[in-house]
Every structure is written in C-alpha cells, then in structure tokens.
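The values are calculated or read from the model by the stated rules, or taken from the named source; none is laboratory data. All figures in this text were calculated on a predicted structure; none of them were measured in a lab. Virtual Cβ from ideal backbone geometry, glycine too; neighbours counted across all protein chains shown. Accessible surface is based on the protein model in full, side chains and every heavy atom, while ligands, DNA and RNA are left aside. Shrake-Rupley method; radii C 1.70, N 1.55, O 1.52, S 1.80 Å.
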Amino acid sequence: MFRHYLLMGVRTLARSRAYSFSNMFGLAAGFASCLLILLFVRYELSFDRWLPHADRTYQVQLSLHDPESGAVDLQMAPYPAAAALAGDFPQVEASAGSFTARPVILRDGVATLPERDALMADANFFEVVSIPLVSGDPRTVLSPANSVVLSRSEARRYFGERDPVGQVITILHRGQRRDVRVTGMFEDLPANSHMRFPMVFRLNPSDYADEPGLIADWDNISGYVYARLRPGADPSAVAAGLPAWVRRHVPVPVGERRRENGQTYQLTRVTDVHLGRSQTAAMTPGSDSKTIVTFAGVALMILAIACFNFINLSTARAARRAREVGVRKVLGARRRQLVAQFVTESMMIVGAAMLVALAAVELAAPMLGNLIDADLGFDYFGSGGLWLAIVGLVGGVGLLATIYPALVLARYQPGKVLKANRNTVDIGGSGRLRNLLAAAQFSVVIGFLVCTAVVYAQTLHARTVELGYERQGLIRIDNLDRAGASAAALVAEVRRLPGVESAGRSTIAPGTGNVSVTTATLSGRTEPVSIGLYKVDEGFFGTMGTRLLAGRNFSSRHALDESTLPSAEDGDAERALAARGINVVVSALGAQRLGFATPAAAIGREVRLGFAESERGGVPATIVGVVQDVRYRSLREELAPMAYRYVREGTDRLVLRYSTADPTALLEQVRAVWRSRAPDVPFEATFVEDAVARMYDGDAARGHLFFASSALAVAIGCLGLFGLAAFLAERRTMEIGLRKVFGAKVGDIVGLLVWQFSRPVLFANLIAWPVAWWVMRDWLDGFTDRIALSPAFFVGAGLVGFAIAAATVGGHALKVARGRPIDALRYE
C-alpha cells in the first residue's frame, strides 16, 4: 500500500511541477533559516559547557552601586578576594586570582606582543579552572616562579612544530626583562568561551614590589578571580554569606561611612557568564538571554511563514483534484486511505525540502559563523548532532502542515463533484482561514521590515552620534607606557612630524574599554560620588576636539595642575600631594553628579578624590575646568562622570590629530620614530573611526541577521502569495471573462484582484505594528543614547509590504486580465 501511495505521489508531483517547486522552495527556506538560527542559539547556550567541572566552577563578580549613576556590573574582582574566599567558606575547594597583562615577547631580537592579553595567575589556576592541558600537570604546571603555559597556537607561533616544554622566552613586563620557561601547553580556547588568553604566566608577588597595592588593595579592581566549589556544595550558602564576608574584609576609606549596598559580590557559574548580567570588563564580548529568545522567535516565525505558505497553496490546489477524489471514492476508497495518500505526497515535499535545506545550511553555516564570529559546527550525530532536530522538524512540521490540506481533499462528496462535470469545484466556506494565514504571513514580514529598519538606524546612529570629540582625523597609539623614559622624547618628535596637528597623552581613549573609578566627595557633604579618574596631559583635550564648557584647560604654567606621582607606590609622595592639593578638570556629567546646577558653578569648588594615601580621606582637588561629556565606550554602557588630572608621565596612550591627505604614510613615519626611540616596544596604532566601528560589530552582525531574515521572510511570503493568486485567479477565469464582456477594462480587473489580495496585507499591519514596537522598544532600552521609535518605521514597513504584495499579485493579475474573453468563457 505504501508503495502505491509513493508512486501516486511521484506522478502527482511530476504533473504539477510549479506547485511542487513553490511548496518545496518555501519549506526549504524555512527549514534552512530555522536550522541556521538553531545553530546560533545552540552556540550561544554552549559557552564554557566544554570545561571540565564547569558545574562547580565560578567566577567572582563585583557590582558597584551609586545612588545616582546606578550599578556597574563587572566580571572583575579584587585580587585579595581569592584568598579570602578560600579561607572563609568551607564550600570553596580552591580559588585563584589573576591579572590580565600583555608583556612584550623578545624572540631572535624581534619584539612582539601576544595575540591577546595574557594572564598572570596563581600557581593553582589550572586546578581551579580545568582547562585541558596537552602537556603538564595542572597541580604543578605553574609551580615554578618563572613559568608560562602556552596555548597550542601560541606555542606554534614561537616554536613551530617543536615541543615548547622546556623552552625559554624572554619577556619585558612592568619595566623588567626576565626569562620564563615554558612548563606546559593547553588546547586553544574554543570560541564558545568567556575566557580568551593565549598564555598564562605564574603570578609572582615580588613582581609587584614597587606597587604592592595592585595585589593587596581591595579597591584595585583589575583582576579575574575564580573559585571551585566542593562536590555537592550549595552555592546559595556561599551567596548568603557574602554580605557578611564583605563587611569583614573590604575596608572603608578614611572619612567615609560604610554603605551596605556600595559593593555587591556574587558567584556566577562559568556557564552563565556569557549571558549573565555582568558584562563590563569582560575578556570576550557577552550577550544576553533576550537576544537568544529573540532569534529563537525569529526562527519559529520564519518556519511559521513557510508552513502557512504550504497550507495555503495546498488548500487552494485542493479544488483541482476534486474529480480524482470523487472517482476514487466511487471505486471504494475510504477517507483514511485518501488522507494517507495526500499526507504521503505532502511528506515527500517536506522531505525533499529538508534535503535542500540541509545542503543550504552546510554551505551557509561557515559564512554565518564568519559574520558573527562564531564557530557554528554542523554535525548530524554525536553529542552536538542535530539529527533529532531534523527528524522533529520533518515529522512535526510535516504532519502539522499537511493534515489539514489532506482532510480538505478527502471530504469532497462524489455526487457533487461528478454532477459538476468538471475538474474543479468550489471549496466552500468564506476563505477566512486562507485570508487569516496570508495576514499572519505578512504580519511577520512587516514585523521583520520594521525591526530591520530600526536596527539599521540605531547602528548608524551609534556610529555617527556626537561623542564629545572629533573622531575624524584621529589616531590612537597604544603601549606608550612601555617606552619608559623615552616616552617624552618620542611624543615630542611625533608632534614635529609634517601633517601632525597636535598630540595628547592619556590613560583613556576611544575604544579602549578600560575603567578607573574612584570616589569624589564635595566639601561639606558626607556621601561620596563614584567618578572615573584618568590621567591626561595639556594637549589631550585640544587633540580630541573636546569642547571646554567652563573654566580653563590644564597648563604647565600652573603648579597645582601637575599631579605626577612616582611609578612605584610611594606613600610619602602621595601624602605630600594630598597635603598641597591639585587642580582637576571634570566632565559635565561629573559636575552634575557632584551637585552643581551649571558647569560654571563648579569652577573653583573643592572635592576630595580617593586615589592616594591621606589621613584626611582623599586628595583635595580644585575644579578649574569643565569639559563636555565624552563617550569612550559603546552606547550600550552608561555615560560615566569623569575627572581628569594632569601628569607629565605615566600615561599609556597617545592620540594624535592629523591634517595630511595620506594618513597611512604619516603612520609609517610615526612607526619609524617609534622604532628609533622604543625598539623593544611593538608599535600598535588604530584609526579612531575604526575603533568606534568595532564597538558595534556585534550589533551590526545582528542587523545583518535581521536583514537576511527579513529578505527570506519576504521571499517566502511573496512566493506563497503568488502561488495563491495564480490558483485562485484560475478559479475566477469565467468571472473575469464575463466582466470583460460587460465592459470592464484591464486596469479595473487588475485593481480588483490586487485589492482582494492586499486586504490581508493591510490587516497584517494591525498585528505587526504593536508586536514590533514592543520588541524594538525593549531592544533600544539597551542603549543609553537611542533613536526614537518614529511612526515612519511602521508606516514605511507597511507601505513596503503593500507594495511587495501588489507587485507580486499584479504581474499575474495583468496576465489574466489581458486574456481574451472567449478563452475565459470556453474554460468551463
């Protein structure tokens, strides 16, 4: 019996090639998009699940709270937290602290940098974070004082195919040259990990003898701390004890009272870091659960469009097989046999569509992975295989999409069909289901069009919005602090190069992502304000093009402007600085957070900044200038209040403004100066426009996905609408002929048919607009500077949807309307 159904199905589909192709292409597109997005969702949910003992490995995260500016959720924590956790909580089996660093690697007289920041970590790091080692024992691999463990690719970069274990690397770190020995090698960290480092050095406390506060102070939040719980330990018990733990260990700055909600520590399982709340100072860009839910919904909606398309085309085609059904019923065919045959035919289309979709996915998955910087592995079998999803899609979608058309075909009455003496009959009913499905299809299409337009507009806004500086003609050069004593002469020589308008030094620049937060207390107040504190020289604001709103800029002519401290921690120098006081420049938001109504009102007022040793609780700083707010980071991050202090040395970045028409040639001249002055320091330069664009690469990739989804949804919707129009216009052939006999013009008939099929599209706007508004409002809330959800997005998408529907139906309607009336009347 099944063989009979199969043969009948092949013959039927071969007779209706256009119908078969339309249905198969629509379903294949739906299946392919669903599988591709499923790969993306699975990838986002797989972060760090490959890590052994991931279920009990945690990252210690810190949230800083300010009553006015809100919370800053960091993936970092103070280095002392590692030892304090292990000592206070019996549930903690082991904990390890680490710092990111990027030492200069000297090989064969050539200075290079690691591909990414390396880690300086405690000796037990590989015991706490069980990264698979190719060679070495995780318990002892970092035990030697000067040891390093390389990733496989980094080892190949330095040693080729030789065994790296036992080899020696010379590094320059914190101004010191030393040899370190390779004691192990680990597999390259996969793309689906929140960690990203090419090498791990043993952290030696003696390396920080000149700045012991980096590893001893709780207010120095610049490291990553991990903890591994004992088997069966309850993480909620640790979470419940963290507030008391903070009160025991975190000191209160002099002159301040403890604010219970000032700092909040939490343990986050490593598998939850990528999609977690804390994304500031992350090793790799994170995501959020809303994005996953959104794209899962996109996959389901595209699949729904394809299914609606299949049902509409199948039910519209049902009338053409009326005589076949009537004859077979007269010859004794039962209803369940007819349903089985029609389901078999439809399942053949579904199966063929899945085969086409799988071929498309295998071709498209690598391209999509490159677009979103993800490893979208596509395997049929194994632990990550998709065979179950494939079978589920074919079976579930096949049955849901085919059972209704099969029931429609099987319900025809033989007497009515044969009495009509023709191959088609009126299906009956009002066509509401058909119109509802068409409206549902185009509501998704219009929703996609709205979302695509909003995502594109917001991404464009983020790349062109006023940032508080002139991004054109600006270059950022890193690693200036590594030049040491040569830095001042290097900068002076760069300033004299033809084509260089100005240059300025700082510890912050666009796209760097570094965060330095301290407290500022206005005289006469007790509550401090969290504020970013950064070092600059007197040429920085002019080079950046940042406007002065009130007061003056820094100048070497004013003694109190200069606040340079020794590179090593020097308590006497810090206390001397606190005793004499300094001048600072604050941002407009910084002045506002300190309580000043206008920038001018802040000039001459004194605040205390908590960045140096002082018996009185901070350094007295007089505000001498207020500059406009500058966005150094993405619009997804809150604009931070900032204060700047003037130093002669100790800055790690140089920004220069150029006026030459050939910036590449200028950059080569700067490189030559750099090599002559600092030959042991690699030269790294970035055009600021490129750095700003890179901050929104993730949003741009999501925009591309939305655009591709919109194009696919439009294609499937148009294909279904065209097929539906063709079938239903064929059923109205006699009506069209009679209208032409009675004087109807071609334009009247085309308008009638187009309007009939456009009504569901217009109704679709009522469904699509509120849903798209809700989704996009939620997405835009992730930006601190966002576009308005203008009605133009929704009206424009509706008009585009209507134009697409009219163009799709109009071509076929024009062909039918131009036919001769005699052919139409002879048709039936």
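Okay, here's what the table says:
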{"quantity": "Distance between modelled label sites at LEU436 and GLU668, nm, 7 Å Cα→Cβ extension", "calculated": "7.0"}
{"quantity": "Percent carbon-and-sulfur accessible area, region 464-539, ignoring ligands, DNA and RNA, probe 1.4 Å", "calculated": "48"}
{"quantity": "Share of carbon and sulfur in the accessible heavy-atom surface of region 350-397 [1.4 Å probe, %]", "calculated": "68"}
{"quantity": "Separation in nanometres of the label points that stand 7 Å from Cα toward Cβ, at ASN514 and SER659", "calculated": "3.0"}
{"quantity": "Sequence of GLU154, GLU606, GLU668 when ordered by accessible area, the most exposed leading, probe 1.4 angstrom", "calculated": "GLU668, GLU606, GLU154"}
{"quantity": "Length released on extending from GLN472 to ASN220, taking residue separation times 0.36 nm less the Cα-Cα span", "calculated": "87.3 nm"}
{"quantity": "Whole-Hz ³J(HN,Hα) from phi, Karplus 6.51 cos²θ - 1.76 cosθ + 1.60, for region 626-639, glycine and proline x", "calculated": "10, 10, 5, 5, 10, 9, 8, 10, 5, 5, 6, 9, 4, 5"}
{"quantity": "Separation of alpha-carbon centers, region 524-552 and region 781-809, rounded to whole Å", "calculated": "41"}
{"quantity": "Region 660-722 - Rg over Rh from alpha carbon coordinates, Kirkwood radius", "calculated": "1.41"}
{"quantity": "Beta bridge orientation in region 542-680: antiparallel %, DSSP, nearest 5", "calculated": "55"}
{"quantity": "Gain upon complete extension [THR464, TRP387; 0.36 nm per residue less C-alpha separation]", "calculated": "23.2 nm"}
